[in-house]
Structures are given as structure tokens and as C-alpha cells.
Amino acid sequence: MQGKILILDGVSTNRIMLKVQLSAAWYEIAQGDRLNAVVPLLRQARPDLILTAMTLPDGDAVALRRILQAEPDLADIPVIAITAQNDRAARLRALEAGIDDVLGQPYDDAMLLARIRSLMRCHGRSEELHEARPSMGLAEAAAEFAAPRKAEIALVTDAADTGALWRSWLAPHSHHRVSLHRTDRVREMLGHDCPDAVVVEIGEDGAGLRLVADLRAHALTRNAAVIAVARPGAGSLAAEALDRGADDVMPDGFAAEELALRLETQLRRKARADRVRSSVREGLRAAIRDPMTGLHNRRYALPALEALAREARVTGGMLAVMLADLDHFKRINDRHGHAAGDAVLIETARRLSNVLPGDALVARMGGEEFLLALPVPLAKTAERIASTLCHEIESRPFALPADDKVLSVTISIGLVVVDCRREGAATMLPAELMARADRALYAAKGSGRNRVSRALPAA
């Protein structure tokens, strides 16, 4: 099955006809005939899309949209309304309420199926993002997401005068910033601009359709809202535009008020998706970062060390691994408090990061212990770099918070340098590298601290 659709219609014949049509397209179908008890029905059926009659025995599609918006776990379900006649006022009212599309009977079967596929893809992407939220504490309600006050809208037309005309017609209905682009020169926009939404004119020559696919594939515009507007006589291409990645289409050509409403719906959806994506990225970042120092943590460090070891094995080069541990750190916490200890850890992380090059691995493994790894080109100078790190910690005192005191701090480092041309693959395993660096660190501590101890080559 391709997904589940809930058909809402008070006329049983309409429901049966739609069920036959959509079942033939391999959709699973649930049915209802009124708004009463629709919420329990939705929670039981868990549809990916709702196909509703504009008018129901106890309400209409606009009332259904309000019901969904009041339920955070249902608010994202896309809705297509079908009206018995081409009522423009009802269509605009439905779009303004947030209904995704309104199709008048007799509707084009290909257009209906393409619209369903497009909305289900969008809903699926949204669901994937939302699944990541609970584990990260991200459970914001849908109503909190609104379209940006001033979005960047790109109008892309074949002729410059068409774009200028569209912008003048759109201006009374939209407060967003609108830029004009020609279809044959839009790649200039893709090079530097990142619009929130792109409105593309499509015609029989196929240039607009190709552009829709390019916009969806391009990294810069992948998450932009894309609306395709059919040129007169090209309405049959609207279904193809949806299948090529357009979020919305206007098969009957440009209509300023309707486009403004469709833009608002798409911008709200984009704002919601952007916010969730950002939250997920931050959650993932937090999972591999030490919250105090901002360095990578153990969860990140061990796979990263494995990757560096793999690179060294492939290239036959060298890899340097260090374990660094602050000397007598427990005394700092005991004498000056944990706030002082935290300040020392934060400053230590900053100094280590400043000395090491950007492609080195720097991670806090826990407590006062840090893992440092130098990739192939830098491993030859590892001993000099380790000595520099010791000097950087010892040479300048550490300021303590909440008073004018400063504190002298030192660090001990255990270093292991592996040459893949001379040592076997077993010596490159992260666990073995860490164990050898740990033994060298223990030797540095035992011989007076504030120094570097290098591990002997493996036997």
C-alpha cells in the first residue's frame, strides 16, 4: 500500500466512487460521513491524507481544518477538499483556512492522484522529522509555527515583463519581498540567493518543469517552497510539475489572491519544517558535544578515532594519539569549589583547541581527561605539538570565577605515534591506541607530571 486516505463525504455514492478509484491506485481507504466523532476516527485510522467534500452533513471542510488545528498530533495531516461546483469564493475561503487544495468537479483524475502523491511525500518528510523530536524533548505544537513576517519570494517567468506584471498584481495581497528572475537565467539565483519560496511559470516548452526538478535537487533550494503556475493552455502539465517536486500548482494560471493564500500555506509549512530541522540538528549536535566545554564527547571521539586510524592504514602513513589529564584536578575542586573546576576545564579546552590545527580531533572523554589525535600529515610533529600543549597550560595562570584569584595549572600527556608501514593493523585499533596512550599518561604522572611521555613502539 502507498498510504492511507480518509474519505469524508455525506454522500455514499461519492465515497464508493473515490474508494474504487484510489484502491486501484493501491491506497488503503478509511471512510466517514460527518465531522461528529471525526477525531476518534482519525486517531484510529491514522491517515496520511484526508479527502473531504467541501460540504458535510454537519459542517464543512473549513470546520474540519479548525478541528485538526486544535489537535497537535493531527494538525499536520494534509487536506484536499472537493467541491461540487467551481465556486471561487468558497475556494479562496478554504485556502485561507489552511486547506491544501480545492478541486472542483469534474476534476482531472491525473491531477487528483498527483496532488495526493505530492502531499503524502510532504507529510512523510514531516513525520520523519517529528519522530526525532520526543527523544530530544522537542514537542512544540503546530500552532506555534507561523509564516515569516517578511519572506523572500522569487518569481521565475519566461519573459521579464510577465514577472513584472505578476509582481504588481501580487503586491496588494502579499507583504513579502519579491524578486524577479527569468527562466533561462535562474541559475544565477541558485549560485547565491536562498529564497523561501519560488514561483515558477511552466509551459509546453518544458523549461519550467525542468527548473522545478532542479530546484528540488539543488542543495540551496531543496527546502524552499515551490509553486508552479501554468501558462495559458499548459494546465495539463500541473500534475507533472507535482511529480517533479513542486509543493503546489495553479493549473488555471496566475491569480494573485489565490497565489498569496497558497504562498502563506507553503511558508507556514516551511517555517515549521525549518524549525523542527533546526531543533533536530541541535539535538544531534548536543548528543556528540560536551555541554560544558563545547568539545566533542566520548560518543563522537571513538568512531572519529577509528576513522583516522582507517585513513592511516589506507595511506600507509602515521597517526598520533594523546591522552591529556590535568594534574591534581581534584585539589582544585576541593579547595576552590566546582565552579572553579568548571572554569579550569573550559579554559583548558579553549587553549587545547587554539594550539591544535583544525583537522585534529579534540574531545573531552570525561572528568579532566582529554583525547587528542593528529591525522597523517601532522603525526610527525606530534611530540613537539604535545610539548607546546603542556607549555600553553602551564605558562599562563587560570582566572577563577567570582573573585580576583588566579591558579597555576599543569597537564600531563601520554603520546603514542603509530607508523603503519612498520606496525601491524592490530596496533591501529582504537582500543589498543587508547590503552597505549593511557599507559604513557600513567608514566608521565609517575615521573613528576607536567610533561609528555611517549609510548614505545609495539613489539
Residues of the chain: accessible area per residue with a 1.4 Å probe, Å²: 47 Å²
Amide hydrogen neighbours beyond the local backbone of V229, cut-off 5 Å, H modeled: V200, E201, I202, M250
At 1.306 mPa s and 10 °C, Stokes diffusion of region 328-459 via Kirkwood alpha-carbon radius, µm² per second: 101 µm²/s
Shape category assigned to region 1-65 from the gyration tensor of Cα positions, a/c cut at 1.5: oblate
Cut-off under 5 Å, modelled amide H: who pairs with I82 long-range: T52, A53, M54, L103
Hydrodynamic radius (Kirkwood) for region 292-375, which is based on Cα pairs only, to one decimal in Å: 13.7 Å
Positive-end residue, the chain charge dipole about Cα centroid, Cβ charges, pick of V249, L42, A171: L42
Debye-sum result for region 200-355 in log10 I(q)/I(0), which assumes one identical scatterer on each alpha carbon, at q = 0.10, 0.11, 0.17 Å⁻¹: -0.66, -0.70, -1.01
Region 218-284-region 4-68 distance, computed between alpha-carbon centres (Å): 24 Å
Net charge of neighbours whose Cβ lies under 9 Å from the Cβ of A320, counting Lys and Arg as +1 and Asp and Glu as -1: 0
Highest average packing first - 290-298, 99-107, Cβ atoms within 10 Å: 99-107, 290-298
Percent carbon-and-sulfur accessible area, region 337-459, ignoring ligands, DNA and RNA, probe 1.4 Å: 53 percent
Global size of region 222-295 as Cα Rg and Dmax, reported in angstrom: 18.6, 62
Overall form of the chain per C-alpha gyration tensor (a/c, 1.5; a/b vs b/c): prolate
Two-decimal Rg to Rh for region 176-289 - Kirkwood Rh, Cα set: 1.03
Global size of region 208-253 as Cα Rg and Dmax, reported in angstrom: 10.1, 32
Segments 230-243, 275-288 sorted - mean Cβ within 10 Å per residue, highest first: 230-243, 275-288
Amide H contacts under 5 Å for Y27, placed H, 5+ residues apart: Q2
Relative contact order (percent, whole number), region 325-423, Cα cutoff 8 Å, 6+ residue spacing: 30 percent
Value of relative contact order over the chain, rounded to a whole percent, pairs C-alpha under 8 Å and six or more apart: 10 percent
Packing-based order for 321-333, 205-217, using average beta carbon neighbours within 10 Å, highest first: 321-333, 205-217
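The values are calculated or read from the model by the stated rules, or taken from the named source; none is laboratory data. Computed from a predicted model, the values in this text were never measured in an experiment. Cβ sites come from the backbone with ideal geometry, for glycine too, and all protein chains shown count toward neighbours. Surface areas here come from the heavy atoms of the whole protein model, side chains and all, with no ligands, DNA or RNA. Shrake-Rupley method; radii C 1.70, N 1.55, O 1.52, S 1.80 Å.
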